[in-house]
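Report on the following structure.
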Amino acid sequence: MTISFTQIDHLYINGERVAPQAGTEAVINPATELVIGEAPVASRTQVDTAIAAAREAFDNGPWPRMAMDERAAIMDRMVDALVARQEDIIALIVAEVGCAQGITRMMQVMNPINHLRSTIKYARREEESERLPLDITPNIFAPDGPKNIGGTTVVREPFGVVSAITGYNFPFLLNLAKIGPALMAGCTMVLKPSPFTPYSALLFGEIAEEIGLPEGVLNIVTGGIEEGQLLCTDERVDMVTFTGSEAVGATIMAQAAPTLKKVHLELGGKSAMIVREDADVQRAAAMAVGFLSVNAGQGCAIPTRLLVHNSIRPAFVATATAIAAQIKVGDPADPSVGMGPLIRESQRAKVEHYIALGKSAGASLVCGGGRPAGVDKGFFTEFTLFDNVTNDMKIAQDEIFGPVGCIIGFDSDEDAVRIANDSRYGLNGAIETTDAAKGYEMALQIRAGSVSLNGGTGTMSFAPIGGYKRSGIGREYGPHWLREYQQEKSVFYPVGR
Ligand code: NAD
């Protein structure tokens, strides 16, 4: 199948298709190692031009000055344009990321479009200003005289020019999760995707053109670290929103500090699933293996530490290993494949390094640990489980970003919560128990931005998601999503004179 997006040979700056000044870079299908396209690469000058365009569009263009409803009507057209291209986007993600088809359809493409729908819906409900109750205060200049009555209106205004920088693992989702709320709030944006997955961002240039976004509102550039640095340091940028690794997140914060930009960070995780003594072992093991295999473990919120009550740990290990053996690993162009490759050789080398670390630290390898037999192309790795892991091991503390699960035993609920919280991350968590009330109590004790109880997924578009500790700053999704991209201004006025 030809994927139309891999033919895109231009950047999108100030409402125009622009030829790249830094040439092109081959984009590889990680399952086949074949080139899927030669993507345009922006020069530093072009990043500068894109920032200038976003600044001009913010300072003098119509977008920030439109009523919420007017912007919503244009963003509705974005939803329609994405839905019309849904199959092409799915095919792109399968080729660009190497993610299995079922996961791609639901989690990489359809859910993100639903998130955009919910952003628009919430934005329509959002009051752009709020009147506070009247305030009666003494007159400071004449304390014995008549008192003052004062009114206050709080106005929510778009934050300004936003740089958005995103990672490779759920590229369409990550890009849309920046574009949707920022644009709905009235901001203008320069978006730079991961060099591994440029087309999932470049496609938004076509969409912007089609739906008639005013020039300069959404600019798409490409490139690597240097171009990203420019987006974090330029004085004309008001805010950086970033989804990627903890290390780059910290660098971005430092880069943004001299100009005191607002930073919104969605970073890595090492989330824990607690499997209590009373849990349904079959269900818990199926959940754990299912999560770990999503996008070959390249998911920020996947519970990669499996904390299992020692009384049921042998049964859990045996069940999880049997379920893992059913996963078909291969090229996700085949719809029956359940788990694709890692993104690049460098990521496979990192995963293999951690597997070696786990073995040398004394953890017991219960399945996987190598490369699938008979596959000579693609950056594949086996689904891997370690038992007898202690939480101080590197494999339990670091984000590996591959399908590697660490099983850690515990003897009491207190112990489980303590181990779950003994992490520098705090993105997500999960609890499996037949005592839902106890599970809820434990969920409240987990220091993480979300906790899934007995496989609950909730209404994700409507719930805020984000990190505690080194998993990030700020929230995406939920009823107050737009507020990340807004400033609040209080206007005080006298009443009655
Ligand atoms: P990464 O941090 O390596 O790169 C992300 C982006 O940052 C890329 O576009 C890259 O070019 C850019 N970049 C690198 N150095 C930069 C610099 N100095 N200044 C500006 N930009 C720079 O991340 P990745 O490997 O592509 O993505 C995987 C990571 O993302 C994992 O850690 C994962 O947990 C995290 N992630 C988090 C969430 C979340 O919602 N919390 C979601 C998805 C992925």
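Here the extension length gained between residue 73 and residue 278 equals 68.8 nm, from 0.36 nm per residue of separation less the Cα-Cα distance.
Take the Cα radius of gyration of the stretch 271-459 and divide it by 2.2 N^0.38 Å, N being the number of residues; the result is 0.97. If R0 is taken as 25 Å, the Cβ-Cβ distance between residue 488 and residue 60 corresponds to a FRET efficiency of 0.60.
Amide hydrogen proximity for residue 487: with H placed 1.01 Å from N in the peptide plane, the residues at 5 or more positions away or on another chain lying under 5 Å are 157, 159. For the chain, the longest principal axis of the alpha carbon atoms and the long axis of helix 246-256 meet at an angle near 20°. Mean projected area of the Cα convex hull of the chain, taken over all directions, amounts to 26.4 nm².
Residue 107 contributes an accessible area of around 80 Å² to the protein surface, as traced by a 1.4 Å probe with all chains present. Of all DSSP bridge pairs formed entirely within the chain, close to 45 percent run antiparallel. Relative to the dominant Cα principal axis of the chain, helix 345-360 is inclined by about 50°. Relative to the longest principal axis of the C-alpha atoms of the chain, give the angle of the C-alpha long axis of helix 68-84, reported between 0 and 90° and rounded to the nearest 10°. The two axes meet at around 30 degrees. The 3J(HN,Hα) values that the Karplus relation (6.51, -1.76, 1.60; θ = phi - 60°) gives for the stretch 165-176 are, in residue order, 10, 10, x, 9, 6, 10, x, 5, 4, 5, 5, 5 Hz. Gly and Pro appear as x.
Between residue 333 and residue 34, the distance separating the two model label sites (each 7 Å from Cα on the Cα→Cβ line) works out to 0.4 nm. Note on residue 475: accessible area is roughly 70 Å² with a 1.4 Å probe, heavy atoms of protein only. By a 1.4 Å probe calculation restricted to protein chains, residue 121 has an accessible surface near 100 Å², given to the nearest 10. Loop-located GluC sites (Glu not before Pro) across the stretch 185-270 with a Cβ neighbour count of 11 or fewer within 10 Å are 235, with loop assigned by DSSP. If R₀ is 51 angstrom, what is the calculated FRET efficiency for the pair residue 226 and residue 141, using the beta carbon separation as r and rounding to 0.05? For R0 = 51 Å, the calculated efficiency reads 0.35. Accessible surface area normalised per residue over the stretch 76-222 is 35 Å², counting heavy atoms of protein chains with a 1.4 Å rolling probe. Only helical runs count toward this figure. For the chain, summing -39,500 (n - 2.57) over DSSP H runs of n ≥ 4 and dividing by all residues gives -11000 deg cm²/dmol at 222 nm. When the C-alpha to C-alpha distance is required to be over 30 Å, the pairs from 178/377; 121/270; 178/469; 147/489; 328/394 that qualify are 178/377; 121/270. Within the stretch 76-193, antiparallel bridges make up roughly 60 percent of the DSSP beta bridges whose residues both belong there. The fraction of accessible area contributed by carbon and sulfur in the chain is 55 percent, rounded to a whole number (1.4 Å probe; ligands and nucleic acids excluded). The amide H of residue 334, built 1.01 Å from its N in the peptide plane, has no neighbour under 5 Å, considering only residues 5 or more places off or on other chains. Under the criterion of Cα pairs below 8 Å and six or more residues apart, the relative contact order for the stretch 271-459 equals 27 percent. Most simply put, the stretch 271-459 has about 15% antiparallel DSSP beta bridges, counting only bridges with both residues inside it. Scanning residues 5 or more positions from residue 148 or on other chains, those with amide H under 5 Å from its amide H are 137, 139, with H placed 1.01 Å from N in the peptide plane.
Among 355-366, 295-306, sorting by the average number of other beta carbon atoms lying within 10 angstrom of each residue, highest first, gives 295-306, 355-366.
The values are calculated or read from the model by the stated rules, or taken from the named source; none is laboratory data. This is a predicted model, so every value here is computed, not measured. When we count neighbours, we look across all protein chains shown, and the Cβ atoms used for this are built from the backbone with ideal geometry, even at glycine. Ligands, DNA and RNA are excluded from the accessible area calculation, which covers all protein heavy atoms including side chains. Shrake-Rupley method; radii C 1.70, N 1.55, O 1.52, S 1.80 Å.
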